[in-house]
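**Student:** Here it is: the structure, laid out below.
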Amino acid sequence: MKIIRATTIPKSLDVFCRGLLKKLSEKYEVVALSSPGEEMQAIVEREGVRTITVPMERHISPWKDIVALFRLILVFRQERPTMVHSMTPKAGLLCMVAAWLTRVPVRVHTFTGLVFPTAKGLQRRLLMLTDSITCRCATYIIPEGEGVKRDLLNYGITSKPLRVLGFGNVMGVDMHIYCRRPEVMEKARLLRDEHNFTFLFVGRIVRDKGINELCDAFDRLSKEFPQVRLLLVGWREDGLDPVSDKTRALIDSNPSIDYVGEIWGDDLLAYYAAADCFVLPSYREGFPNTVLEAGAMGLPSIVTDINGSREIIVENENGMIVPPRDADALFVAMRRMVNDDRRRSYMASNARNMIGCRFEQGFVRQCLFDFYDTILGGEKE
């Protein structure tokens, strides 16, 4: 039985399906589909599955989207899969439409986050329309968390039954990797300054992640507490969602803000281990894996009151929750983290267990495997 797993860009496929495709290939013929990129070869070597590349654009590009749709139709006609399972918005729209047109029996889309709730005007209506088309063409819809599920229903995107798997997250955290192993702590010792209080952000350095508010709040905090520092780990996307000129100036001028760039593996874990508090002030999320990773590494988190984040963090138990787009509230929460050692230590002591009991990777993947068994059980080989 053949299944195709698809995302818009290969980085997403590499992140969401790392190790998963290899496990699935023990039972199914698995094909990985995404846009061209160096990650595709890494997927072949690590997962041992066949890959297909179809160029897709993340932003709206009518002509390129039509070309991609026709290419996907040709691919699905040739491959004749039993199931196509897509993730990320553009791959979801194009793959679900192409799979519906080519009569693929089982069509699954996972919504890892919704863009339209934070959009306005014509853009919002267009995004709602594309999500609605995706749902119409899918036979099964998986929202990543109860918050995403509520938005899909409350905004009238679909009336189809929606299935949240497990506690919502679709990746899970490998608790054996995300832990304070000796080799990780050795690297962390080189990064950590015991005289400083370190805040950490991991993710895309873009407006949508709340970087403008984070840098504003931290700049004020650093004037009151010279011993604090902020580490920004991630990659810029200036062409899609740039931060403000003021924020770029703060990153360049404030000596307590360190833009690290993109890092992975044990190097990234060392940054988690070297920090005192994780901060993710996003405007929207599906189910932020970096908050799960930080918690698994024993860090309390400051997050915004949005889908996903509020399903991971319990106020004053493993972190703090502030309103989105509110630099003042973020400043107050960060200030409290610095000042209240007792509360911060309590939240840190809870953090790892609160992640492991709900989002351990083996449990999350078993929920997906059980779902596949259910929906593919009646399909012929």
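**Student:** Go through segment 154-167 and give me each residue that's over 17 Å from the mean Cα position of the chain (by Cα), over 14 Å from L129 (Cα atoms) and of a type in the set (A, V, I, L, M, F, W, C).
**Tutor:** Once the filter is applied, which keeps residues that are over 17 Å from the mean Cα position of the chain (by Cα), over 14 Å from L129 (Cα atoms) and of a type in the set (A, V, I, L, M, F, W, C), segment 154-167 yields only L162.
**Student:** Output yes when any residue across segment 237-249 is more than 18 Å from the chain's Cα centre (by Cα), buried (at least 19 other Cβ atoms within 10 Å of the Cβ), in the same structural domain as V322 (by TED's automatic domain parsing) and not in a helix (DSSP H, G or I), and no when none is.
**Tutor:** Yes, the conditions are met somewhere in segment 237-249.
**Student:** When you go through (1) in contact with a Phe, Trp or Tyr (Cβ under 8 Å, 6 or more places away or on another chain); (2) within 23 Å of N339 (Cβ to Cβ); (3) hydrophobic (A, V, I, L, M, F, W, C); (4) part of a helix (DSSP H, G or I) one by one for C215, which number turns out not to apply?
**Tutor:** Condition not satisfied by C215: (1).
**Student:** Please work out which residue is nearest to the chain's Cα centre (by Cα), limiting yourself to segment 16-48 and to residues that are among the hydrophobic types (A, V, I, L, M, F, W, C) and within 19 Å of C95 (Cα to Cα).
**Tutor:** F16
**Student:** Do you know which of the residues in segment 1-11 that are surrounded by fewer than 20 Cβ atoms within 10 Å (Cβ to Cβ) and not in a loop (DSSP other than H, G, I, E, B) is modelled with the lowest pLDDT?
**Tutor:** The selected residue is K11.
**Student:** Answer with yes or no whether K23 is within 20 Å of D370 (Cβ to Cβ), assigned to a loop (DSSP other than H, G, I, E, B) and not assigned by TED's automatic domain parsing to the domain that holds E285.
**Tutor:** No; evaluated as a whole, the condition is false for this residue.
**Student:** What are the residue pairs meeting all of these: first residue in segment 100-124, first residue in contact (Cβ under 8 Å) with a residue 40 or more places away in the chain, second residue assigned to a loop (DSSP other than H, G, I, E, B) and aromatic (F, W, Y), Cβ atoms under 7 Å, and 6 or more apart or on different chains?
**Tutor:** Taking only residues 6 or more apart or on different chains, the pairs are T112/F287; T118/Y283.
**Student:** With respect to T51, is the statement that it is touching a residue at least 24 places away in the same chain (Cβ under 8 Å), outside any helix (DSSP H, G or I), assigned by TED's automatic domain parsing to the domain that holds D370 and not aromatic (F, W, Y) true?
**Tutor:** No; evaluated as a whole, the condition is false for this residue.
**Student:** Right, next: Quick one: count up the residues across segment 305-334 that are over 26 Å from F225 (Cα atoms) and not in a loop (DSSP other than H, G, I, E, B).
**Tutor:** Residues that pass the stated criteria total 4.
**Student:** Within segment 329-350, can one find any residue that is modelled with pLDDT of 95 or more, aromatic (F, W, Y) and within 24 Å of the chain's Cα centre (by Cα)?
**Tutor:** no
**Student:** Also, quick follow-up: If you scan segment 125-141, which residues turn out to be under 22 Å from the mean Cα position of the chain (by Cα) and either surrounded by fewer than 16 Cβ atoms within 10 Å (Cβ to Cβ) or free of Cβ contacts under 8 Å to residues at least 60 places away in the same chain (or both)?
**Tutor:** L127, M128, T130, D131, S132, T134, C135, A138, I141 - these are the residues of segment 125-141 that are under 22 Å from the mean Cα position of the chain (by Cα) and either surrounded by fewer than 16 Cβ atoms within 10 Å (Cβ to Cβ) or free of Cβ contacts under 8 Å to residues at least 60 places away in the same chain (or both).
**Student:** Among the residues of segment 69-95, which ones are more than 24 Å from the chain's Cα centre (by Cα) and in contact (Cβ under 8 Å) with a residue 12 or more places away in the chain?
**Tutor:** Correct list: L69, R71, L72, I73, V75, F76, R77, E79, R80, P81, T82.
**Student:** Could we say that E39 is charged (D, E, K, R), in a helix (DSSP H, G or I), over 27 Å from T304 (Cβ atoms) and at pLDDT below 95 here?
**Tutor:** Spelling it out, E39 is indeed charged (D, E, K, R), in a helix (DSSP H, G or I), over 27 Å from T304 (Cβ atoms) and at pLDDT below 95.
**Student:** Just the residues that are over 23 Å from K22 (Cα atoms) and either touching a residue at least 12 places away in the same chain (Cβ under 8 Å) or in contact with a helix residue (DSSP H, G or I) (Cβ under 8 Å, 6 or more places away or on another chain) (or both), please, taken from segment 54-66.
**Tutor:** Those that are over 23 Å from K22 (Cα atoms) and either touching a residue at least 12 places away in the same chain (Cβ under 8 Å) or in contact with a helix residue (DSSP H, G or I) (Cβ under 8 Å, 6 or more places away or on another chain) (or both): P55, M56, E57, R58, H59, I60, D65.
**Student:** Can we say L200 is within 21 Å of R107 (Cα to Cα), in contact with a Leu (Cβ under 8 Å, 6 or more places away or on another chain) and either of a type in the set (A, V, I, L, M) or not assigned by TED's automatic domain parsing to the domain that holds M96 (or both)?
**Tutor:** Considered against the rule, which asks whether it is within 21 Å of R107 (Cα to Cα), in contact with a Leu (Cβ under 8 Å, 6 or more places away or on another chain) and either of a type in the set (A, V, I, L, M) or not assigned by TED's automatic domain parsing to the domain that holds M96 (or both), L200 comes out as no.
**Student:** Is it true that L250 is of a type in the set (A, V, I, L, M, F, W, C), out of contact with any Leu (no Cβ under 7 Å at 6 or more places or on another chain) and more than 24 Å from D340 (Cβ to Cβ)?
**Tutor:** yes
The values are calculated or read from the model by the stated rules, or taken from the named source; none is laboratory data. In this text the structure is predicted, and so the values were computed from the model without any measurement. A quick note on method: Cβ atoms are made from the backbone with ideal geometry, for glycine too, and the neighbour counts reach across all protein chains shown.
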